[in-house]
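*Asks:* Structure in structure tokens, see below.
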Amino acid sequence: MKPNYKNWMPKGMILGTLGGTLACLILFLIFGVSGLLAAGTLKTVLKTVFLVLAIVLALVTLWMWLLHRAFSYNDKRQMSKQIIDGVAAYVTLPEGGKGLDVGCGSGALTIACTKRNPKEMFGIDRWGKEYASYSLDLCEQNAQAEGVSNTHFAQGNALKLDFADETFDAVTSNYVYHNIPSRDRQAILLETLRVLKKGGTFAIHDIFSRFKYGDMQAFVKKLKGMGYAEVELIDTTNGMFMTPWEAKWMGLSGSAILKGKK
Ligand SMILES: C[S@@+](CC[C@H](N)C(=O)[O-])C[C@H]1O[C@@H](n2cnc3c(N)ncnc32)[C@H](O)[C@@H]1O
């Protein structure tokens, strides 16, 4: 059995926007072309609105399909695998230690960390309907397919982790927090760091743009002020995981690894 890590751009989302495109085209034909239900200025307005909406949605659908192709584990580029392995390389666990992957999706990063550190890794995820192809069962099947037995998966919420303070020796996450609607994503980072033991390491990869996270340089300083060591934001869009051009067209500008030691 081969693992199936699915895709960060789920087919369901692409089909959703394709459906929206087709609906707008049908409404354009009904209101704008047939003249059955509207006439005069109203007909012109409806025709324009539905045509513009159909074009915008068609372009979004095309962009999402290109993203799906780029993120595919079966594509030659192997971008997702490169990112997962690259983040896992920063996750170090001491002998007998345990780590946490927040928003584990299909278990790719949790499993990659376990393969590098044959210790215990926990993966939690909300597994909501927007990523309907990811599930607890899928994570367990993937762990089995990869031949790792020391991974544990459970439902959980990054906004309020179901673990006591200082539970883990390492915490990690990949492309999760920017998806969570929040006015204060730095607070989500602090919630993840809450469950990290003193002396434990963290490696969190996400889109740390000012728009999504506010001033991350100030956050790095804040962590250092709290006694954290080796805190660094490593840009991953300079060829490390992707080229600047890939980051731009894929909407991943600002991608970086926030790493350090508590
Ligand atoms: C782009 S996927 C990344 C999955 C995985 N980290 C990876 O690298 O393959 C984003 C994941 O974040 C999860 N997620 C979104 N909001 C969450 C929350 N509040 N708590 C936990 N997981 C969440 C989604 O369910 C989804 O699995």
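*Asks:* If you rank Leu36, Leu22 by fewest surrounding Cβ atoms within 10 Å, what's the result?
*Replies:* Leu36, Leu22
*Asks:* Further question: If amide hydrogens are placed 1.01 Å from N in the peptide plane, which non-local residues have theirs closer than 5 Å to the one on Leu196?
*Replies:* When sequence neighbours closer than 5 places are left aside, the close amide H contacts are Glu166, Thr167, Phe168.
*Asks:* When the label point is put 7 Å from the Cα of Asn157 along its Cα-to-beta-carbon vector, which residues of the range 164-193 have a backbone N closer than 18 Å?
*Replies:* Backbone N within reach: 164-165, 176-193.
*Asks:* For the range 154-262, what class follows from the C-alpha gyration tensor (a ≥ b ≥ c being the square roots of its eigenvalues): rounded when a/c is under 1.5, otherwise prolate if a/b is larger than b/c, else oblate?
*Replies:* prolate
*Asks:* Check the straight Cα-Cα distances from Lys262 and name the lysines below 16 Å, setting aside those fewer than 8 residues away within the same chain.
*Replies:* Lys98, Lys197, Lys198, Lys221, Lys222, Lys224
*Asks:* Kirkwood hydrodynamic radius (Cα pairs, Å) of the range 46-124?
*Replies:* Its Kirkwood hydrodynamic radius stands at 15.2 Å.
*Asks:* Another question about this same structure. Rounded to the nearest 0.05, what FRET efficiency do Leu190 and Ile234 give with R0 = 25 Å and r taken as the Cβ-Cβ distance? Could you check?
*Replies:* 0.80
*Asks:* Any chance you could give the angle, 0 to 90 degrees and rounded to 10, that helix 216-225 forms with the longest Cα principal axis of the chain?
*Replies:* 20 degrees
*Asks:* Whole-Hz Karplus ³J(HN,Hα) for the range 15-26, in order, using 6.51 cos²θ - 1.76 cosθ + 1.60 and θ = phi - 60°, x for Gly and Pro?
*Replies:* Whole-Hz 3J(HN,Hα) from phi for the range 15-26: 5, x, 6, 5, x, x, 4, 5, 4, 5, 5, 5.
*Asks:* Using all C-alpha to C-alpha distances in the chain, build P(r) with 5 Å bins and read off the rounded percent in each one.
*Replies:* 1, 6, 12, 15, 17, 15, 11, 7, 5, 4, 3, 2, 1, 1, 0, 0
*Asks:* In degrees from 0 to 90, rounded to the nearest 10, what is the angle of the helix 40-71 Cα long axis to the longest principal axis of the chain?
*Replies:* 30 degrees
*Asks:* Can I ask one more? Which of the lysines could a cross-linker span from Lys11 if the Cα-Cα distance has to be under 28 Å and same-chain partners fewer than 8 positions apart are dropped?
*Replies:* Lys2, Lys76, Lys81, Lys129, Lys212, Lys248
*Asks:* Listed highest first by mean packing, meaning other Cβ atoms within 10 Å per residue, what order do 69-78, 10-19 come in?
*Replies:* 10-19, 69-78
*Asks:* Let me ask something else. How far is the Cα center of the range 60-124 from the Cα center of the range 175-229, in Å?
*Replies:* Spelled out, the Cα-based centre of one part sits 19 Å from the other.
*Asks:* Another question, then. Can you say what percent of the DSSP beta bridges in the chain, counting only those with both residues inside, are antiparallel? Round to 5.
*Replies:* So the antiparallel bridges amount to about 40 percent of the total.
*Asks:* Roughly what would the spin-label model give for Met226 and Arg210, points 7 Å off Cα along C-beta, in nm?
*Replies:* Taking the two extended label points, one gets 2.3 nm.
Bear in mind these aren't lab numbers, they're just calculated from the coordinates by the rules spelled out. Predicted, not measured: the structure shown is a model, and the values here were computed from it. As a convention, Cβ positions derive from the backbone with ideal geometry for all residues, glycine included, and neighbour counts pool all protein chains shown.
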